[in-house]
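The values are calculated or read from the model by the stated rules, or taken from the named source; none is laboratory data. The model shown is predicted, which means the values in this text are computed figures rather than measured ones. Cβ sites come from the backbone with ideal geometry, for glycine too, and all protein chains shown count toward neighbours.
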Amino acid sequence: MLKIFLAVLIISFFISAKLPRILNSPLLKQFRVLFPSWRFFESLTPIPKVYYRISRDGVSFLNWQEFQFNEGPRQWYHLFYNPMANLRLTYRVQIEQFLNDVAELDCYSENFHKSLISYQIVSTFLKQELQLRYRQDLKFYQFKIGVLEFSEHALSARPHWTESLVSPEYEV
Amino acid sequence: MYVENVIHWTQILLAVSLLLQSFEMWAIANWIGDSTPWAWSGLKKGVSYFPNFLKTALDFLYLDYFKVLVLAQFVLILILPLSQSGLVITGLIITTVLICFRFRGVFNGGSDYMTLTVLFGLFFSSLNQNDPLLVRYGLLYIALQCTLSYFIAGIVKVRTPAWRSGLALRAFIKHSNYPVPTTIRQWVERPILMFVASWVVMLWECTFPLIWLWPKFVFGYLAVAILFHLGVFISFGLNRFVFAWLASYPALIYGVSQNY
């Protein structure tokens, strides 16, 4: 029994360690819930960030500002029921997914991002959020996605910003 | 611990976890229709390589009957604590996978993985309830994966210099996109606190498998686990993890208490 247990332990450890490479197939990615990955907060990975700017008159844009998810204070009942927060978590994941998708693209073209589902989700989500926040003030908007990168070895490192994409200017 | 009690408690805790997820998904179903970011009309491009009959079936399910899917899962959840039927567990596996599929593979990540892990363990145990070995292996699978979930998370952290220095925890709290409360964000200005907290988590996670050698410590480790998951909820808002992992604990307690 102990030998079987050790064998399963080793196999499961191996699968979990190699999981990112195993899940390169688009089909397996859709079913990746069947392959548990326990690599939480694995490393000081680059942290995705989204910045946006809006235009109220269609002529000039305001300054870039970081997109922050509007979340109210956490309440005790959110432990049991918090659907909007969990839905917003999926958008955070799609921002990271977009950056992974960009990195995996074999070639670059001016409108490469439009072919990505993750970009579609992120841009639609941003449009929806900005419309809620600015309502009639919103005429045009533009966003950019990048990452904050940290030095793994510096104790007091300031993050370095690397831009991955600047979107077109969208009219609402 | 009698196996029947272990399975019963696992089913109850899993049902609680799934019930909370189901309530949330019912609300979320109202926010993923047409013209929303998660509209299926846009996502279906991702399965363009599927056979036509499958694409038609997915359109039928996700465009018009997603709430029916959630409702079906809800009914199965209510039955789960009352029966060890393999059909009920199979139904829950299928509905969970279909819901995750709707969100491009996973909805919540870790909690989805653990939910399915517990479901698969229960499924193995239900295949032949007259076979004590099969029942036992199903529970041991859950116990093993629960142990690995902490151990692997600890190993990947302790191998990273930024985690060993406390910088990773500081970066996650200060810069991450999670809704971290202001009080907790202020803690990042205390490097010693970040260092100690990082090492407490890493040591606890990396030594988790030792409960298989010294089972008397299992309740202590699980008490820390519950505090850890509650801390993650308070810091990052990840509520589902608490209940998903809780459902695996009866099997873990059973697993470590066996004579091998």
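For this structure, a couple of remarks:
- Top-ranked residue in segment A:46-79 [being at the interface with chain B (Cβ under 8 Å from one of its Cβ atoms) and under 30 Å from B:SER17 (Cβ atoms); ranked as surrounded by the fewest Cβ atoms within 10 Å (Cβ to Cβ)]: A:PRO73
- Set side by side, the residues B:PHE50, B:PHE60 differ, and just one is more than 18 Å from the chain's Cα centre (by Cα), farther than 23 Å from A:LEU89 by Cβ and in a loop (DSSP other than H, G, I, E, B), which is B:PHE50.
- When we screen B:LEU139, B:LEU169, B:LEU148 for residues that are at the interface with chain A (Cβ under 9 Å from one of its Cβ atoms), crowded, with 23+ Cβ neighbours inside 10 Å and not β-branched (Val, Ile, Thr), the only hit is B:LEU169.
- From the list A:SER25, A:SER12, the one residue that fits, being at pLDDT below 80, small (Gly, Ala, Ser) and surrounded by 15 or more Cβ atoms within 10 Å (Cβ to Cβ), is A:SER12.
- Residues of segment B:126-177 that turn out to be farther than 30 Å from B:MET194 by Cα and in a loop (DSSP other than H, G, I, E, B), as a count: 4
- In segment B:34-60, the qualifying residues are those that are more than 14 Å from every other protein chain (Cβ to nearest Cβ) and surrounded by 12 or more Cβ atoms within 10 Å (Cβ to Cβ), and the one that is nearest to A:ILE117 (Cα to Cα) is B:ASP59.
- Subset of segment B:125-158 [among the charged types (D, E, K, R) and either within 20 Å of the chain's Cα centre (by Cα) or modelled with pLDDT of 95 or more (or both)]: B:LYS157
- Criterion: within 21 Å of the chain's Cα centre (by Cα) and part of a helix (DSSP H, G or I) - qualifying residue of B:VAL188, B:VAL201, B:VAL196: B:VAL201
- Qualifying positions in segment B:120-134 - among the hydrophobic types (A, V, I, L, M, F, W, C) and buried (at least 22 other Cβ atoms within 10 Å of the Cβ): B:LEU122
- Annotation: B:LYS216 fulfils all but one of (1) in contact with a helix residue (DSSP H, G or I) (Cβ under 8 Å, 6 or more places away or on another chain); (2) free of Cβ contacts under 8 Å to residues at least 24 places away in the same chain; the unmet one is (1).
- Per-region count, segment B:66-111, residues more than 24 Å from A:LYS29 (Cβ to Cβ) and outside any helix (DSSP H, G or I): 3
- Verdict on B:LEU203 being modelled with pLDDT under 95 and under 17 Å from B:SER149 (Cα atoms): no
- B:PHE243 vs. criteria closer than 22 Å to B:MET114 by Cβ, touching a strand residue (DSSP E or B) at 6+ places or on another chain (Cβ under 9 Å) and among the hydrophobic types (A, V, I, L, M, F, W, C): no
- Residue in segment A:49-58 that is out of contact with any Lys or Arg (no Cβ under 7 Å at 6 or more places or on another chain) and either modelled with pLDDT under 90 or closer than 21 Å to B:LEU230 by Cα (or both) present: yes
- Index of the failed condition, B:LEU246 passing every other in (1) surrounded by fewer than 18 Cβ atoms within 10 Å (Cβ to Cβ); (2) under 22 Å from A:TYR77 (Cα atoms): (1)
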